[in-house]
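*Asks:* Pasting a structure here, questions to come.
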Amino acid sequence: MYEPLSEFDAGSPAPSSSPPAGQASGSWLQQTREELALRPRLVVREPVPVTVLAVQRYLGESSGYCYDVTLWDGAEQDTWLLAPELCPLVHGNLLRCGRSVTIRRCSYRYLEKRLAAGLVCVDELEPGQEQGSPVELPLRAPAGPLSGDRKHYLPLWNNEDPYGDIWRRGGPGQEPSVDVTKVCSLLKLEMTGLSKITLPPLLVRVMHKSRLRYFGKAEKKTDYPYQAYFEVADHSGMMSLVLWNSLCPEWYNTLQVGNVVLLQQYAVKKSYVCRTHPTSGNAQVKRLPSLEICLNPRDPPPKIIILSESKVKPEWNLPAVKYQFVTRSEFGDLPHNTICDVIGLVIYVGRCERLRRRDDWEDFWIYRWVQMIDGTSEQPFLLEIFATSQPDIFEHIIPMSYLVCTQMRVIREHPGDISYKAYLTTTNESQVFITGHHKGRPYVTNEKVKSYIKWMKNQNEVEIEKKTSVGGYQPYPPTPSTFAKYCNDRKTEEILNTIGELKTIVQHMHYREHKRVAVQGIIAACAFVRNLSQAKMKPSIHNMDDPGPSGEEHIPSRSLIMAERSVNSSKRGAQEPTPQKEAYDLTKRRKRPASPVGLSFSEMENRPVVHHLYQDVDTGSRETANFKDDHARSFATDSDTLYHTEFWENPLWPEAKLSIKEHLYYSKLFPESFAQKFDYKRKEFLIQPYNLHPATVTNLTQRNSSVAMASRCGHYELTILGINRDIAIDVSLPMFENFSVFGINSLPSQLHCTRAGNNDDLQDHHWFSLKNELVEYARSRDRLHVICILDICHLGESKVEVCLNRVYHPTMHNTD
């Protein structure tokens, strides 16, 4: 189940390839293209659904990005341009590969800078059902973007990852004999480099490698606007080497840390002082900061030769790559901003999310949260891993694999804050390695790596697998204990939003974009939704008015479950107070939040709303809300499957809710919101829903409609009333171990429920713990207003997750 320990010997994995296949004749796409030659603007009278094989992105001639879509009609495939007005469909992952679309209107556009060239533009379409990947159908996308002068496509969801065949790793070149008498040392180059016209050869070892940097701009015509830098060293010191433009696709994936490289025909210039630098693990290597080596496609065209390690001679005195590995037991003593390397066994992998680089840009960072253990502590490492230009690794981080992360930065911004948990985050120079990528890496000889491997040989993989999980919402990064500290972390950002502004924020969010916002409010109500068995539920439980998007299962909201009766097991019956009747009214309906792109689709189903819920709260008792038996059974498949919720209200809510002008409903949770127990035998299937949707079809493209629902311990749904009592919002709070809504007591992890008897005890303990906090909060009239930290994530289509992360009690100056 683990990756083989032989990975830490020598060698490297080989890439795989798939054979091409032929194509069929006769095509709706071809007929439409021919008809456009007669009528350049065409309204399709009898549209035929076609399958999207690929959605590919590139920088447009004006501001913003363009998208080419490769379509398949069952007989032929063709690539058409997506009109700019339809780009929001891609932003929200409504238009994606593996899905059918119906094209309603299209047009033909001539390319004015090319002779006898043109393209088909899709001007109007309707997304359809999930189709998956056509069997044995090879993708035949164009070599480059259809529109403009761009030469290559960008990755669909970020700009830093290499994408496409141009980035394939090159094989070893011819290795000449090296005349070391003609080689110049880096120290001598620094002293004389700018004064020389012809520079001598360099023989260096690659010590560090950065992620790619894309600097493309609409007004610039550079074919491959990329940059990557490496730190290279010889016996005299270490200097930066910068790879520019088209050399990046040719060499970035080929040059690896530890390679010995012979460089000829290069340039030098003064170093760029604002660039970050890695922290070297080899203290004996002196940094040479004044110059950097530049490798450009021309002026002069460089010669780069990678020598095999067997050809490297000891007398060359090239320094070894050394690391700064720390164990989990040592991690607690490291100060903020320390750089280190870590190795461990992955036990949790979070979903991929995106962070907008600037508010007015469409560019995003991609990241995910990971936990791993190394046997030196009961606490795991918490890792925030941003994409490191290694997509083949980043997308395949799974539990039960050995993970090595280099050049990680310690984040311990509040060392005296016991509620703030330190974690590690990637830097520009971080590299990440997992299953199948360890052979031949310099770190395999490190003593702490060897100690970890020795520990792993004695572990019971079945017991460790029980601790593993994937996906779901997690309240990371940690929040500090006071609002003043929270504000200090966000000096350049707007601190507070109004509840009314959240609608606009949600409408402008893209697929898997994550935002953390702060709003002032009053906690008005809280419901505890117990563990549900989706497999035993009648379809009507989540199809009250409409089947929903693509037949997906979703978690019933509080308003639906409020009509059910609390049914307790016999062992809990003696502990429960006498049930109290609740009034309910299901005669009215409310809409789900609108599509983020303002479109109306059939999947925007209605759902019932419960009005006039009222409970005479006795703040000194352990009350629960119970509902009528006959209505509860209407939602059950048999007498054993009944759903349970407890409900708490702030005494001011019954009156306040009658006068609010607007109520926002974002308490709905989805399968992607919950962590699942990991099964190594189904690893590819289980990790896929938590990766970003691929740009091109694969055998596993059809995924969301068949996501298995994991067992769980329920979740909370809270109502937050605006401080002016004119607007309210419903948000969610998944259940975590040792998690308090008024502060995190320890590293949170989602509870895994496997036995019904234990589930009830866990759920009861968690519910009464939170309810006691809420009761105490409602008693404190001087602290009625709170600051709620909300995590918002756009899960695609119309699915938006809004979770309560933390509640702060403000002072008069909103600083504590």
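The values are calculated or read from the model by the stated rules, or taken from the named source; none is laboratory data. These numbers come from a predicted model, not from an experiment. Virtual Cβ from ideal backbone geometry, glycine too; neighbours counted across all protein chains shown. Keep in mind that these areas ignore ligands, DNA and RNA; they rest on the heavy atoms of the full protein, side chains included. Shrake-Rupley method; radii C 1.70, N 1.55, O 1.52, S 1.80 Å.
*Asks:* Can you give the convex hull volume per residue for the Cα atoms of region 200-334, as a whole number of Å³?
*Replies:* So the per-residue hull volume is 156 Å³.
*Asks:* Given a 1.4 angstrom probe, I'd like the percentage of the accessible area of region 230-307 that is carbon and sulfur, rounded to a whole number.
*Replies:* 53 percent
*Asks:* Over all pairs of distinct alpha carbons, what does the Kirkwood formula give as the hydrodynamic radius of region 260-311, in Å?
*Replies:* 13.4 Å is the Kirkwood radius here.
*Asks:* Oh, and also: Hey, with R₀ at 45 Å, roughly what FRET efficiency would GLU309 and GLU46 work out to, going by the Cβ-Cβ distance, to 0.05?
*Replies:* 0.10
*Asks:* Next question, about the same structure. Mind checking the per residue accessible area of region 363-440 for me, 1.4 Å probe, whole number of Å²?
*Replies:* Each residue of region 363-440 exposes 28 Å² on average to a 1.4 Å probe.
*Asks:* Tell me the Kirkwood radius of region 60-152: reciprocal of the mean inverse pair distance over distinct alpha-carbon atoms, in Å.
*Replies:* On the way: mean 1/r = 0.0699 Å⁻¹.
Value: 14.3 Å, from the Cα pair sum.
*Asks:* Once the whole set of protein chains is in place, how much accessible area is left on ASP299, using a 1.4 Å probe, in Å² to the nearest 10?
*Replies:* Ignoring ligands and nucleic acids, ASP299 comes out at about 130 Å².
*Asks:* So if I take the centroid of the Cα atoms in region 149-167 and the same for region 245-316, what is the distance between those two points in Å?
*Replies:* After rounding, the separation between the Cα centres reads 23 Å.
*Asks:* Tell me the accessible surface of LYS182 in square angstrom (1.4 angstrom probe, heavy atoms of protein chains only), to the nearest ten.
*Replies:* Rounded to the nearest 10, the figure is 140 Å².
*Asks:* Return the FRET efficiency for the residue pair THR222, ASP417: r is the Cβ-Cβ distance, R0 is 41 Å, and the value is rounded to the nearest 0.05.
*Replies:* With a Förster radius of 41 Å, E is 0.35.
*Asks:* Also, quick follow-up: How many Å² of accessible area per residue for region 187-274, probe 1.4 Å?
*Replies:* 41 Å²
*Asks:* Rank TRP361, TRP80, TRP157 by accessible area, highest first, at a 1.4 Å probe radius?
*Replies:* Ranked list, largest accessible area first: TRP361, TRP157, TRP80.
*Asks:* Which GluC sites (Glu not before Pro) from region 364-400 combine a DSSP loop assignment with at most 14 other Cβ atoms within 10 Å?
*Replies:* GLU378
*Asks:* May I ask for the equivalent-ellipsoid semi-axes of region 257-344, computed as the square root of five times each C-alpha gyration tensor eigenvalue and listed largest first in whole Å?
*Replies:* Output for region 257-344: semi-axes of 31, 20, 12 Å.
*Asks:* Still on this structure, I have one more. Can you give the extra length, in nm with one decimal, that the chain gains between LYS182 and GLU34 once fully stretched, where that is 0.36 nm per residue apart less the Cα-Cα distance?
*Replies:* 46.9 nm
*Asks:* Further question on the same structure: Tell me, what % of the accessible area of region 411-506 is carbon and sulfur with a 1.4 angstrom probe?
*Replies:* The value for region 411-506 is 49 percent carbon and sulfur by accessible area.
*Asks:* Once neighbouring chains are kept in place and the probe is 1.4 Å, which whole percent of the accessible area of region 66-140 is contributed by carbon and sulfur? Each step should come with its number before you reach the end.
*Replies:* Working: 1530 of 3100 Å².
Here carbon and sulfur together make up 49 percent of the probe-accessible area.
*Asks:* Further question on the same structure: Quick one: 3J(HN,Hα) in Hz for region 383-389, Karplus 6.51/-1.76/1.60 with θ = phi - 60°, rounded, Gly and Pro as x.
*Replies:* Working through the residues one at a time gives 10, 9, 9, 7, 4, 10, 6 Hz.
*Asks:* How do SER310, SER62, SER246 stack up against each other in accessible area, from largest to smallest, with a 1.4 angstrom probe? Provide the component values of the computation, followed by the final result.
*Replies:* On the way: SER310 105, SER62 75, SER246 45 Å².
Descending accessible area places them as SER310, SER62, SER246.
*Asks:* Quickly work out the PHE742-to-GLU655 label distance, labels modelled 7 Å from Cα along the C-beta direction, and quote it in nm with one decimal.
*Replies:* 2.4 nm
*Asks:* Here's a follow-up. Could you sort CYS248, CYS487 by accessible area so the largest value comes first, with the probe set to 1.4 Å?
*Replies:* CYS487, CYS248
*Asks:* Another question about this same structure. Take the cross-link list LYS286/LYS313; LYS322/LYS683; LYS322/LYS454; LYS269/LYS311 and give me the ones stretching past 26 Å between alpha-carbons.
*Replies:* Beyond 26 Å between Cα atoms: LYS322/LYS683; LYS269/LYS311.
*Asks:* Using only protein heavy atoms and a 1.4 Å probe, report how much of VAL204 is accessible, in Å² to the nearest 10.
*Replies:* Approximately 0 Å² for this residue.
*Asks:* Here is a further query. Measure off 7 Å from each Cα along the Cα-to-Cβ vector at ASP360 and LYS286, then give the distance between these two points in nanometres to one decimal.
*Replies:* 4.7 nm
*Asks:* If R0 is 51 Å, what FRET efficiency do you get for ARG779 and GLN507 from their C-beta distance, rounded to 0.05?
*Replies:* With R0 = 51 Å, the Cβ-Cβ based efficiency is 0.85.
*Asks:* On to the next question. 7 Å from Cα along Cα→Cβ at both GLU85 and VAL444: what's the point-to-point distance in nm?
*Replies:* Once both label points are built, they end up 5.8 nm from each other.
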